[in-house]
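Report on one structure; see the data block that follows.
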Amino acid sequence: MMLGIGFNFMYTTSQFLNFAYGSIYTLVAYLAYYFLRISIGVWFSYLLAMTIGVLLSILIYHFAQPQRIGSLRSAAFTIASALLIEGIVEEFFGENYYSFPLKSYLAGYNRILYHTIGVPVQNQTLLAASLSSATLLGVWFLLYRTKLGYGFRALALDESQAELVGVNAKLMGFISAAVGGSLVSEASLLLSPSGVLYPDMGWVPLIEAFGVVIVGGLGSLRGTVIAALGVSLVYEVVFYLVSPVYSALVPLALAALTIALRPNGLYGRLK
Amino acid sequence: MSRGSVYAFLLVAIIVIEAGIAAELVVHRPVTQSEAITNTTITNYTTPTGIPFTLATTPYAAQPSPTQSITQAAQPQSAKYITIGVAAPLTSPVGASILNGTILGVQVVNSHGGVIINGTHYFFRVVAEDNQGENVQAPPSTAVEAVEKLVYQDGAQFIIGGSAGNSAAEEAVESILPYLKTIYLEVGDATTAETLNVAANPSAYKYFFRVFPPNSSMLGTYLLEFFGALKYYSQNGLEDVPNVTNVGILAEDAAWTQPIMTANGGGPMSGELPQDLENILGYNVVYSSFFPLTTTDFTPYLQQMATLHVQLIVTLMATDDSIYFVKQWGTFPWPNGKPLVAGINVLAGLQPGYWNATDGLASSVISLGAIPPVSIIDQYFPENFSGQQYAYSFNITEAYDDSVKEFGVPPFYTGLGSLSAVFVLANAIQRAQSLNTDKVIVALEKTDLLTPEGIVRFTSDHDLNAANIPIYWAQWHSNGQIYPIWSYLYPSKIFFFEPPS
């Protein structure tokens with residue numbers, strides 16, 4: 001959901017489709033792993049990795065502004081950036097599978113939940129769910145309760161009109177890239193610890209996020225949230241009632257269905 | 001940005017992604033029901049003799065990145081070269097081992113003067129391309145492009161290639177071999193479809209040879225033999241093997257698992273693994289499921305197995321999903337005790353990478369095909385190929401030791417295969433006295449060579465004849481080391497078994 005929101009956020013505010021999102025996700029995870037291994041402190045490692053993720057997102061946006069080079073070239077540049085970042089990660093970290101070092105109390109399943117309600121949930125998943133919910137509230141607050149958010153929404157509605165009333169579209173674009181970068185970095189730091197690091201680990205989350213965004217509608221954050229929950233629900237239904245094998249197709253199958261039947265998505269507003 | 005251009009872009013992106021997934025699905029076959037199996041090859045096991053468990057462990061250095069440079073021993077300036085192309089997932093330890101094994105093999109061959117054709121010494125050299133074989137998101141065309149680049153751009157005359165379980169990519173590569181007319185020695189993938197193609201259309205697919213591992217049908221046999229031994233040991237209370245009745249099977253949804261799980265494999269057992277475990281070995285298979293290759297959360301599967309009181313989880317996993325699985329299995333709150341995990345768990349052979357990647361949670365995980373320390377193999381499972389000389393006097397001990405010395409880690413099974421493939425190729429070229437593809441193919445078909453992986457012979461459909469290929473079952477122990485615990489060459493022995501804790 002966070003990946004979808006970040007991806008959609010950038011598109012909504014500056015029509016920027018950032019396909020390097022998955023690679024930023026990968027790089028942040030590897031950087032956090034590296035900083036933790038050289039023992040510079042847990043919080044500082046996370047903060048530093050996240051900062052680099054945000055800066056990288058801004059940098060990619062700087063070169064790939066769709067208003068400057070066109071949307072297709074912009075998307076192509078982000079894909080190229082994704083491959084470049086992935087290549088750098090492979091070159092620097094090699095081919096091994098790395099496991100993110102976790103504090104022992106975060107590792108494994110939450111036994112209290114399991115013994116009380118009988119549902120096994122990983123501690124890291126609980127942390128990810130709670131922090132991403134808090135982040136979602138933060139994004140909502142930013143968009144609907146701040147001046148900056150008014151500016152974003154104005155740009156989303158009509159860029160030229162927004163500029164006429166004094167919204168600096170260029171600056172807002174960079175800010176949206178920063179917000180998107182922070183969201184993907186946070187998602188990476190929350191999800192990576194429960195898995196394994198490998199150089200192309202970012203493509204699966206990117207594709208799933210892309211599917212969710214299509215279903216929810218490009219340009220609609222509400223749609224992304226509802227679609228994320230809906231896609232997860234359909235995923236579980238297919239898993240248990242049809243076959244686990246077909247559940248992997250759910251995000252993209254729903255995306256294809258949405259394009260065919262309702263191209264704007266559930267709540268999308270394409271320009 | 002106009003709406004039309006966005007639609008067009010999204011549609012193209014979706015089509016490309018779906019096409020990649022569809023290509024993967026095309027070669028997958030759903031599980032079908034089959035008849036019960038009546039034949040059996042399981043024999044009675046004699047009580048093992050008491051052998052003391054003393055052994056040395058080998059500390060491992062950190063793994064350096066493998067080189068992709070051209071390798072050659074000291075050769076005269078006028079030396080002629082044969083270029084071997086390596087198409088492997090170089091970004092993963094699986095592919096790195098293929099490249100390392102090839103480099104090691106090339107060094108050995110070259111140090112023995114290379115290959116002599118009509119009095120002229122030819123030395124091997126290596127070029128490599130990444131086939132993205134371990135990236136389940138990469139379409140099969142990536143592997144095809146890697147091989148094409150090796151042949152058309154890098155000048156490779158022979159290809160050693162593969163991955164661990166990306167059957168779609170291997171079949172895609174096989175489909176272009178009639179056009180490339182280049183010999184392809186496959187290591188890593190066990191799918192029977194490739195050699196079935198050779199049998200169906202030998203003139204087109206004659207270029208394909210599977211060097212290692214044995215195909216999926218044989219893998220099914222190995223599974224049953226080991227679980228039969230495990231059953232015998234558990235029933236007789238031997239070696240701390242727990243008494244297991246309820247079994248769960250978790251298999252990747254990939255082409256290589258189909259012949260093991262279904263009746264279409266055509267192997268000696270020719271049956272479904274779930275039914276074979278029940279009808280032949282007397283286990284109670286309470287759970288059996290495929291899972292998508294992109295699975296990272298195995299909680300629903302673990303929950304289902306916990307509910308059904310599974311005591312043994314049989315795994316068929318060839319990609320990094322096994323790392324996710326083991327990490328979650330290792331920390332799952334099992335209400336009835338942690339079940340044993342045993343099966344084909346390809347990455348479990350990575351030493352010490354798998355232990356590190358699973359944060360040490362791989363303790364007690366058993367896998368087929370790992371290459372345990374050769375000191376233990378030599379002492380407890382001595383390889384016996386009396387009457388036959390190892391090619392280049394290079395056996396598995398030297399393969400293991402040289403790999404640790406040069407690359408810092410023991411060979412993965414793919415590395416053992418690629419090393420053997422180099423020896424097989426050199427031997428075939430030497431016998432053919434030619435680099436002509438058709439002549440080398442004829443020579444390859446007559447291969448009978450003792451290599452580090454065992455005696456390599458090919459069947460009529462260019463598959464590996466597994467009759468003399470020692471395969472070890474190995475288990476990770478809580479001390480972070482891997483030990484061989486069983487081999488079908490010595491069926492009455494299980495050693496070093498450590499129950500899950």
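Please pick out the residue among A:68, A:73, A:37 that is among the basic types (Lys, Arg) and under 28 Å from residue B:327 (Cα atoms).
A:37
What number of residues in region B:445-501 are within 19 Å of the chain's Cα centre (by Cα) and free of Cβ contacts under 8 Å to residues at least 60 places away in the same chain?
Counting residues in region B:445-501 that are within 19 Å of the chain's Cα centre (by Cα) and free of Cβ contacts under 8 Å to residues at least 60 places away in the same chain gives 3.
Count, please, the residues in region B:81-116 that happen to be more than 26 Å from the chain's Cα centre (by Cα) and over 19 Å from residue B:182 (Cα atoms).
6
Is there a residue being farther than 30 Å from residue B:334 by Cα and in the same structural domain as residue A:163 (by TED's automatic domain parsing) anywhere in region A:100-111?
Restricting attention to region A:100-111, the residues satisfying the condition of being farther than 30 Å from residue B:334 by Cα are none.
No, every residue in region A:100-111 fails to be farther than 30 Å from residue B:334 by Cα and in the same structural domain as residue A:163 (by TED's automatic domain parsing).
Can you give me the ranges of the strands (runs of 3 or more DSSP E) entirely in region B:80-183 with at least 3 residues that are farther than 25 Å from residue B:293 by Cβ and more than 14 Å from chain A (Cβ to nearest Cβ)?
Passing ranges, in order: B:80-88, B:115-117, B:120-130.
Has region B:229-249 got any residue that is under 20 Å from the mean Cα position of the chain (by Cα), in the same structural domain as residue B:332 (by TED's automatic domain parsing) and buried (at least 21 other Cβ atoms within 10 Å of the Cβ)?
yes
Which condition does residue B:211 not pass, out of (1) buried (at least 24 other Cβ atoms within 10 Å of the Cβ); (2) within 14 Å of chain A (Cβ to nearest Cβ); (3) within 21 Å of the chain's Cα centre (by Cα), if it passes all the others?
For residue B:211, the failing item is (2).
Restricting to region A:125-148, give me the number of residues that are more than 19 Å from the chain's Cα centre (by Cα) and assigned to a helix (DSSP H, G or I).
Going through region A:125-148, the residues more than 19 Å from the chain's Cα centre (by Cα) turn out to be A:144-148.
If we keep only those that are assigned to a helix (DSSP H, G or I) too, we end up with A:144-145, A:147-148.
Number satisfying all stated conditions: 4.
How many residues does region A:110-124 hold that are out of contact with any strand residue (DSSP E or B) (no Cβ under 9 Å at 6 or more places or on another chain) and in a helix (DSSP H, G or I)?
Result for region A:110-124: 8.
If I ask for residues that are touching a Leu at 6+ places or on another chain (Cβ under 7 Å) and at pLDDT below 85, which ones from region B:262-279 would you list?
Answer for region B:262-279, where residues must be touching a Leu at 6+ places or on another chain (Cβ under 7 Å) and at pLDDT below 85: just B:269.
Every residue in region A:30-78 that is within 14 Å of chain B (Cβ to nearest Cβ), farther than 23 Å from residue B:356 by Cα and either of a type in the set (Ser, Thr, Tyr) or part of a helix (DSSP H, G or I) (or both), please.
Correct list: A:66, A:67, A:68, A:69, A:71, A:72, A:73, A:74, A:75, A:76, A:77, A:78.
When you check residue A:8 against the structure, is it within 15 Å of residue A:205 (Cα to Cα), in a loop (DSSP other than H, G, I, E, B), in contact (Cβ under 8 Å) with a residue 40 or more places away in the chain and polar (S, T, N, Q), yes or no?
no
I need the full set of residues from region B:434-460 which are surrounded by fewer than 20 Cβ atoms within 10 Å (Cβ to Cβ) and in a loop (DSSP other than H, G, I, E, B), in order please.
Those that are surrounded by fewer than 20 Cβ atoms within 10 Å (Cβ to Cβ) and in a loop (DSSP other than H, G, I, E, B): B:434, B:435, B:436, B:446, B:448, B:457, B:459, B:460.
Residue by residue through region B:123-137, note down the ones that are in contact (Cβ under 8 Å) with a residue 60 or more places away in the chain and either surrounded by fewer than 20 Cβ atoms within 10 Å (Cβ to Cβ) or in contact with a helix residue (DSSP H, G or I) (Cβ under 6 Å, 6 or more places away or on another chain) (or both).
Passing the criteria: B:124, B:128, B:134, B:137.
Which of the helices (runs of 4 or more DSSP H) contained wholly in region A:154-224 include at least 2 residues that are within 11 Å of the chain's Cα centre (by Cα)?
Output list reads A:169-191, A:203-216.
Going through region B:183-201 one residue at a time, which ones are surrounded by fewer than 19 Cβ atoms within 10 Å (Cβ to Cβ) and in contact (Cβ under 8 Å) with a residue 60 or more places away in the chain? Step through it out loud before you land on a result.
Kept after step one, since they are surrounded by fewer than 19 Cβ atoms within 10 Å (Cβ to Cβ), are these residues of region B:183-201: B:196, B:199-201.
Selection gives B:196, B:199.
Is it the case, given these coordinates, that residue B:246 is at pLDDT 90 or above and either in contact with an Asp or Glu (Cβ under 9 Å, 6 or more places away or on another chain) or away from chain A (no Cβ under 14 Å) (or both)?
For residue B:246, the condition - at pLDDT 90 or above and either in contact with an Asp or Glu (Cβ under 9 Å, 6 or more places away or on another chain) or away from chain A (no Cβ under 14 Å) (or both) - is met.
How many of the residues making up region A:235-249 are among the β-branched types (Val, Ile, Thr) and either outside any helix (DSSP H, G or I) or under 18 Å from residue A:260 (Cα atoms) (or both)?
Kept after step one, since they are among the β-branched types (Val, Ile, Thr), are these residues of region A:235-249: A:237-238, A:242, A:245.
Going one step further and asking which of them are either outside any helix (DSSP H, G or I) or under 18 Å from residue A:260 (Cα atoms) (or both), we end up with none.
Number of matching residues: 0.
Name the single residue, out of those in region A:231-266 being in contact (Cβ under 8 Å) with a residue 24 or more places away in the chain and surrounded by fewer than 19 Cβ atoms within 10 Å (Cβ to Cβ), that is nearest to the other protein chains (Cβ to nearest Cβ).
Per the criteria, the residue is A:259.
Quick one: is residue B:440 in contact (Cβ under 8 Å) with a residue 12 or more places away in the chain and within 26 Å of residue B:370 (Cβ to Cβ)?
Numbers: in contact (Cβ under 8 Å) with a residue 12 or more places away in the chain: yes; within 26 Å of residue B:370 (Cβ to Cβ): no.
Here the answer is no, as residue B:440 does not meet what is asked.
Okay, residues lined up against (1) under 25 Å from residue B:90 (Cβ atoms); (2) out of contact with any Leu (no Cβ under 7 Å at 6 or more places or on another chain); (3) surrounded by fewer than 19 Cβ atoms within 10 Å (Cβ to Cβ); (4) among the hydroxyl-bearing types (Ser, Thr, Tyr):
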{"site": "A:22", "(1), (2), (3), (4)": "yes, no, no, no"}
{"site": "A:34", "(1), (2), (3), (4)": "yes, yes, yes, yes"}
{"site": "A:49", "(1), (2), (3), (4)": "no, no, no, no"}
{"site": "A:86", "(1), (2), (3), (4)": "yes, yes, no, no"}
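Taking the condition basic (Lys, Arg), touching a residue at least 12 places away in the same chain (Cβ under 8 Å) and touching a Pro at 6+ places or on another chain (Cβ under 8 Å), does residue B:327 pass? First the steps, then the outcome.
Working: basic (Lys, Arg): yes; touching a residue at least 12 places away in the same chain (Cβ under 8 Å): yes; touching a Pro at 6+ places or on another chain (Cβ under 8 Å): no.
Here the answer is no, as residue B:327 does not meet what is asked.
Go through (1) surrounded by 19 or more Cβ atoms within 10 Å (Cβ to Cβ); (2) in contact (Cβ under 8 Å) with a residue 40 or more places away in the chain; (3) of a type outside the set (Lys, Arg) one by one and return the number of the condition residue B:110 breaks.
All conditions are met except number (2).
The values are calculated or read from the model by the stated rules, or taken from the named source; none is laboratory data. What you see is a predicted model, and the numbers here were worked out from it, not measured in a lab. As a convention, Cβ positions derive from the backbone with ideal geometry for all residues, glycine included, and neighbour counts pool all protein chains shown.
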